[in-house]
Amino acid sequence: MRRILVAALGLALAAAGPARAGDLEEARGLVGTFASRLKGELVAALQEGGPERAVAVCREKAPKIARELSEKTGWRVGRTALRVRNPRNAPDAWERQGLEALARRLSQGEPAASLEIAEVVDGPDGKRFRYLKAIPTGTPCLTCHGENLAPGLAAKIRELYPEDRATGFRAGELRGAFTLS
């Protein structure tokens with residue numbers, strides 16, 4: 001099934017127009033870099049200061065990493081979700097539709113590690129490549145995104161993110177997605 005989806009994706013990209021041949025591979029690489037750098041920062045913060053420090057580091061470091069990758073590559077790199085912690089990460093219409101499709105595919109048993117969407121879409125400046133890569137909720141994510149947060153951590157999240165909607169997750173659910181265009 002995955003081979004069919006990848007082949008169909010390749011044909012769709014080829015037929016859609018001006019995307020460079022290596023866009024999908026480049027997107028996967030950039031998202032992988034973003035994910036590994038952010039994970040490294042979060043693991044270090046958890047070890048140094050616990051979950052409250054990790055929330056603060058995520059607030060500071062995730063946008064910085066995204067900005068650095070965007071400036072270095074010319075792509076717009078970020079994260080989004082249907083239930084965001086930071087309102088600045090709210091999905092646009094294409095991302096929302098993609099997140100809903102990823103959640104459906106996950107609920108139908110598709111492995112979270114393979115959940116991605118790549119498409120060439122019409123934009124204000126012509127056609128552009130868009131990419132989403134699922135972020136599944138892993139067990140470590142539940143510390144800050146789960147159903148039962150420690151009181152001190154919940155207070156810190158409310159302080160930093162008064163509009164937070166990114167709690168109440170269970171392991172295996174779709175937490176959000178890395179996004180690139």
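Of the residues in segment 1-38, how many are modelled with pLDDT of 55 or more, exposed (fewer than 15 other Cβ atoms within 10 Å of the Cβ), among the charged types (D, E, K, R) and touching a helix residue (DSSP H, G or I) at 6+ places or on another chain (Cβ under 9 Å)?
1
Here are some conditions: (1) more than 14 Å from the chain's Cα centre (by Cα); (2) farther than 16 Å from Asp164 by Cβ; (3) surrounded by 20 or more Cβ atoms within 10 Å (Cβ to Cβ). Val55 meets all but one. Which one does it not meet?
Condition (2) is where Val55 drops out.
What residue, of Leu69, Leu132, Leu99, is aliphatic (A, V, I, L, M), under 17 Å from Phe34 (Cα atoms) and within 12 Å of the chain's Cα centre (by Cα)?
Of the residues listed, the single one that is aliphatic (A, V, I, L, M), under 17 Å from Phe34 (Cα atoms) and within 12 Å of the chain's Cα centre (by Cα) is Leu132.
Only one of these is at positive phi and of a type outside the set (A, V, I, L, M, F, W, C): Gly146, Gly138, Gly109. Name it.
Just one listed residue meets the conditions, Gly109.
Of the residues Phe169, Phe129, only one is buried (at least 17 other Cβ atoms within 10 Å of the Cβ) and either out of contact with any helix residue (DSSP H, G or I) (no Cβ under 7 Å at 6 or more places or on another chain) or under 25 Å from Leu69 (Cα atoms) (or both); which?
Just one listed residue meets the conditions, Phe129.
Which pairs have Cβ atoms under 6 Å, sit 6 or more apart or on different chains, and link a residue in segment 159-181 that is over 17 Å from Glu100 (Cβ atoms) to one that is of a type in the set (Ser, Thr, Tyr)?
If the second residue must be of a type in the set (Ser, Thr, Tyr), the pairs left are Ala171/Thr137; Ala171/Thr139; Leu180/Tyr131.
Sort out which residues of segment 140-164 are surrounded by 17 or more Cβ atoms within 10 Å (Cβ to Cβ), farther than 13 Å from Arg53 by Cα and touching a helix residue (DSSP H, G or I) at 6+ places or on another chain (Cβ under 6 Å), and write them in order of number.
Hit for segment 140-164 is Asp164, nothing else.
Within segment 58-70, take every residue that is basic (Lys, Arg) and in contact with a helix residue (DSSP H, G or I) (Cβ under 6 Å, 6 or more places away or on another chain) and give me the one that is surrounded by the fewest Cβ atoms within 10 Å (Cβ to Cβ).
Among residues in segment 58-70 that are basic (Lys, Arg) and in contact with a helix residue (DSSP H, G or I) (Cβ under 6 Å, 6 or more places away or on another chain), the one surrounded by the fewest Cβ atoms within 10 Å (Cβ to Cβ) is Arg59.
Report, by residue number, each residue of segment 26-74 that is of a type in the set (D, E, K, R) and touching a residue at least 12 places away in the same chain (Cβ under 8 Å).
Matches in segment 26-74: Glu26, Arg28, Arg37, Glu41, Glu52, Arg59, Lys61.
Pull out all pairs, ordered by first then second residue, where Cβ-Cβ is under 8 Å, the residues are six or more apart or on different chains, the first lies in segment 115-128 and is more than 16 Å from Glu26 (Cβ to Cβ), and the second is crowded, with 17+ Cβ neighbours inside 10 Å and among the aliphatic types (A, V, I, L, M).
What qualifies is Leu115/Leu102; Leu115/Leu106; Leu115/Ala134; Leu115/Leu174; Lys127/Ala19; Lys127/Val120.
Restricting segment 86-100 to residues that are under 16 Å from Gly123 (Cα atoms) and of a type in the set (Asp, Glu), which is surrounded by the fewest Cβ atoms within 10 Å (Cβ to Cβ)?
Filtering segment 86-100 for residues that are under 16 Å from Gly123 (Cα atoms) and of a type in the set (Asp, Glu), the one surrounded by the fewest Cβ atoms within 10 Å (Cβ to Cβ) comes out as Asp92.
Going through segment 71-85 one residue at a time, which ones are at negative phi and surrounded by fewer than 18 Cβ atoms within 10 Å (Cβ to Cβ)?
Selection gives Glu71, Lys72, Thr73, Arg76, Arg83.
The values are calculated or read from the model by the stated rules, or taken from the named source; none is laboratory data. From a predicted model like this one, the values you see are computed outputs, not experimental measurements. Cβ atoms come from the backbone with ideal geometry, glycine included; neighbour counts cover every protein chain shown.
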